[in-house]
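Step one of this worksheet: look at the structure below.
The numbers here are math on the coordinates, done by the rules we state, and not lab data. The model shown is predicted, which means the values in this text are computed figures rather than measured ones. A quick note on method: Cβ atoms are made from the backbone with ideal geometry, for glycine too, and the neighbour counts reach across all protein chains shown.
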Amino acid sequence: MAHVPTSEDQALPSGASLRREGAGSQCTAWRVTVLTLFPEMFPGPLGRSLTGQALTAGLWSLDTVPIRAFGIGRHRAVDDSPAGGGAGMVMRPDVIAAAVDQARTTSADAPVIYLSPRGAPFTQSMASEFARGPGLTLLAGRFEGIDERVITARNLIEVSIGDYVLSGGELAAMVVVDACLRLIPGVLGAAASLEEESFEGGLLEYPQFTKPRTWEGLPTPDVLQSGDHAKIATWRRAESVRLTTERRPDLLKPRKR
């Protein structure tokens, strides 16, 4: 029987490698570890623009752990048929647990997030909470999901980015990471712009305008050209309330404590 690494194993299986980008292993940068069958998908768009520059600068780091490396047998099987019958395949608990245990040898303090459509909705407040921590370990599942037992045994936190189903958790992981990275000091640079974005303060962002002042017969609101910052702030607040009321009234409901 093939050996499956456990938390006591300090190295990946023979022939496998943990890919690291960005900051070195000894730094205190915000650390991201992604468990995936397709490590080549990363950093993907996270390696571009401001988040890519921040990765190069060492403001955050990225490790990818290849789940296939912990597969069973000669063919490195990572899934099997669902107990009780049914369509598709389910990722094995022993394989997933071995990958999670490996990730925790280098990111012991980071919460382990399993991207799942049945998880808690991912919100801006959740992103803020994650960004204040040491980093994240994200499990990108495939097929029909993962065995329920490993969710319980490894204390995985299920998070959903929306009420729809993707082919795998990799894109969802990128969404979560991007939302958090924008809140890491130095990644975007302008703290004031972050404070005025949608969902900060519980409201959608007000409409934005730029030059030209009139485009295809549509003018920029006069108040934005007035130079009166108090009036501009009042207009923006009113527009945020209007848009939130029209499009996301759920955001205006009192939050449960």
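Look at the alpha carbon pairs under 8 Å that are at least 6 residues apart: their mean separation over the length of region 19-181 gives a relative contact order of 26 percent. Rounded to the nearest 0.05, what FRET efficiency do Ala108 and Thr220 have when you use their Cβ-Cβ distance and R0 = 45 Å? Taking R0 as 45 Å, the efficiency between Ala108 and Thr220 is 0.30. A simple packing score, the average count of other Cβ atoms within 10 Å per residue, orders the peptides 31-37, 172-178, 144-150 as 31-37, 172-178, 144-150, with the highest score first.
Given R₀ = 30 Å, FRET efficiency for Asp178-Lys211 by Cβ-Cβ distance, to 0.05?
0.60
With the convex hull drawn over the C-alpha atoms of region 19-181, the volume per residue is 114 Å³. Taken over the Cα atoms of region 114-175, the convex hull encloses 84 Å³ per residue. At full extension, Arg48 and Asn155 could sit 35.3 nm farther apart than now, given 0.36 nm per residue minus the alpha carbon distance. 3J(HN,Hα) along region 71-78, derived from phi through the Karplus expression 6.51 cos²θ - 1.76 cosθ + 1.60 where θ = phi - 60°, amounts to x, 9, x, 4, 8, 6, 5, 10 Hz, with x in place of Gly and Pro.
Around Leu139, which amide H atoms from residues at least 5 apart in sequence, or from another chain, sit under 5 Å from its own amide H, with H modelled in the peptide plane? Amide H neighbours of Leu139: Leu35, Ile113, Tyr114, Leu115.
In this calculation the C-beta distance from Ala87 to Val165 is compared with R0 = 22 Å, giving a FRET efficiency of 0.95. Counting pairwise Cα distances across region 196-252, what percent come out greater than 12 angstrom? The share of Cα pairs beyond 12 Å in region 196-252 comes to 68 percent.
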